[in-house]
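Just so it is clear, none of the values below were taken in a lab; they were calculated from the coordinates. Everything quoted here is computed from the prediction, not taken from an experiment.
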Amino acid sequence: MDMTIIALDPSGNHASENEGSGTTGIAIYRNGKIELKDIKASDYECIESYWSAILNFIKFNNPDYVVFEGYRLYNHRGMSAQTQANSTLQTSQLIGAIRVLCYQEGIPYYTQYAADVKSRWADHILLHKGYLSERGNRLLFNGESTNTHKRDALRHLLHFIKYNLKKVEL
């Protein structure tokens, strides 16, 4: 099926804002094939140039759908309100920018939360289904090393295709 879907595991953090450098994982489904990429904040001089790279990537690829991991401030986890005190919540700001871009460009977008996809598409399941392979202690996608951000984007992509579209062949 002729379609482009971009799934993101966004991290808005940039060292220039004193909250560390993040990495945004990207999974792209295009015409029956999946690619994994990432955009690293450390490759950009400021938070705006990092975020612009992510937004430009979306725009340049002209997707039919954008799927991204949402951000919630939990009271019982490591990302609790206490641990995020005084944070500018850069990831949630980046998600807002992605939503505005999608709205302006007329791209349907979907928010999924980690809790909804992590167990359903855990690494051992991705290995079993053949999306990932192992070499030593590394997990590979099409022979290339992955990181947690790329794998999380892949989880969101697969979940969206299976449970939201259902008409796409993998």
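Below 8 Å, C-alpha to C-alpha, sequence gap of six or more: please give me the relative contact order for the chain in percent. Numbers along the way, then the final one.
Details: 279 pairs, mean separation 48.7, N = 170.
Over the chain, the number comes to 29 percent.
Per residue, how much space in cubic angstrom lies within the convex hull of the C-alpha atoms of the chain? Walk me through the intermediate numbers first.
Working: hull volume 21.1 nm³, N = 170.
Roughly 124 Å³ of hull volume per residue.
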